[in-house]
Amino acid sequence: MPLKYDAPMNTEQLIITRNDYVRLRALSEGHELSAELDRAIVVPSERMTKDVVAMHSRVLYVDENSGIRREIELVYPDEANPAAGQISVLAPVGSALLGLTVGRSIDWAYPDGNIHRLRIERVLSQHNPPH
């Protein structure tokens, strides 16, 4: 069973491709990501804009509390390799960033109880390998 964490303190909708939505919905059963998907705007892959954090996006974000910038690639759990910056969408930060657009922030309660405000600075690339 995945670790539970607090849901993001965000009521805005997120944007996700139809293919990713279907795959993530199957993975999210019993996980907090399921609640995030409930509020998603689902679009065809060809309508996904380049400023959205999608699956397999390479992203630069900043933790506004600490000032730490991090570059990550958002991946499916079986592709995760934190040492290489490949972060699972089921990890707290992965779920927080999914579907955000450049410039948007999200307040996120980490398991230790601290609130972090994460802001998307740039989507460096989007790559959607075949599913």
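Quick notes on this one:
- Take 36-43, 55-62 and order them by the average number of nearby Cβ atoms within 10 Å per residue, most first; the result is 55-62, 36-43.
- Based on every Cα atom in region 14-126, Rg and the maximum pairwise Cα distance Dmax equal 13.0, 39 Å.
- Here the sum of -39500 (n - 2.57) over DSSP H runs of 4 or more residues, divided by the residues of the chain, equals -4500 deg cm²/dmol at 222 nm, to the nearest 500.
- When both bridge partners sit in the chain, DSSP labels roughly 75% of those beta bridges antiparallel.
Since every read-out is calculated from the coordinates, none of them should be taken as a lab result. Note that the structure is a prediction, hence the values are computed from the model and not measured. Neighbour counts are summed over all protein chains in view; Cβ atoms, including those assigned to glycine, are modelled from backbone coordinates with ideal geometry.
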